[in-house]
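What follows is a short report on a single structure.
Computed from the coordinates by the stated procedures, all read-outs in this text should not be read as laboratory data. Computed from a predicted structure; not experimentally measured. Reconstructed Cβ throughout: ideal geometry from the backbone, glycine too, with neighbour counts over all protein chains shown.
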Amino acid sequence: MDAKIVLLGAPGSGKGTQAKRLCQELGLTLISTGDLLREAVRNNTPLGVKAKGYMDAGKLVPDELVIGLIKEKLSGLKGGFLLDGFPRNLEQAKMLDTIANINMAINLDVDEQIIVDRIVKRRSCKQCNEVYHLEAKPTKVADVCDKCGGELYQRTDDSEPVVRERLRVYKERTLPLTKFYQDRGILINVDGQGEIDEVFERILKAVKEFKH
Ligand code: AMP
């Protein structure tokens, strides 16, 4: 059976980094709503113009905009996939049920203080979206992406006040999804603390041991 995975976790829990690695390892298509929305903002598309204010304030973008994006990406998609950053609330999870048969939800668990540190020191590549951390995952040359040579920047929503708001929204709207998928018997909880490689091995082990 193709893996159809939802990756849950607070902002800064390492979702984006682990999502990329897991997709490479398992040959899955990665769909990251955050990356897609940032690209839309950068390209000033109608979606980007509508989404920008919500994103800069650390709020969720309205469901109808994000759902449209997901429907477009999933339609006609062959094989397994991993959703990073979607669903973010119960309404999105219920809509997802109508278009895909999710068979695994991985939740990355990380302490809140560690999250704030991770996000505030996070830097992202403008060109390829690769994510770095000033201390835990620095680039070889300051401010230059190791992978594509693109320029690094700090996401506008990675400043401390916006991070606090994103965490508040996460706890209120997204955290309840762990129960939603647990009740269905497909939730895998993984300790997201520690080195990137260490967390990746934990996730991989949990996925391989998971019985549908
Ligand atoms: P992320 O990169 O996943 O942290 O997402 C960055 C921002 O994009 C979030 O703070 C939201 O403003 C927006 N966003 C990403 N995914 C969703 C979603 N599924 N629903 C609503 N807003 C989203």
Legend entry - Exposed-site-free run, longest, the chain (rule: trypsin sites (Lys or Arg not before Pro); DSSP loop; at most 10 other C-beta within 10 Å): 1-77
Inset, instruction - Determine the relative contact order of the chain: mean sequence separation of Cα pairs under 8 Å and six or more apart, normalised by residue count, in whole percent. - result: 29
Inset, instruction - With an 8 Å cut-off on Cα pairs and a minimum separation of 6 or more residues, tell me the relative contact order of region 1-48 in percent. - result: 19
Legend entry - At most 14 other Cβ within 10 Å, DSSP loop - GluC sites (Glu not before Pro), region 106-162: Glu135
Legend entry - Violating pairs (Cα-Cα greater than 18 angstrom) within the set Lys4/Lys71; Lys94/Lys208; Lys126/Lys147; Lys15/Lys94: Lys94/Lys208; Lys15/Lys94
Inset, instruction - Evaluate the distance, in nm, between pseudo-label points positioned 7 Å from the Cα of Asp109 and of Ala142 along their respective Cα→Cβ axes. - result: 3.9
Inset, instruction - Using DSSP, restrict attention to beta bridges with both residues in the chain and report what percent are antiparallel, rounded to the nearest 5. - result: 30
Legend entry - Contact order normalised by residue count of region 1-106, Cα under 8 Å, 6+ apart, percent: 49
Inset, instruction - Could you quote the convex hull projected area for the chain, Cα atoms only and averaged over all directions, in nm²? - result: 11.2
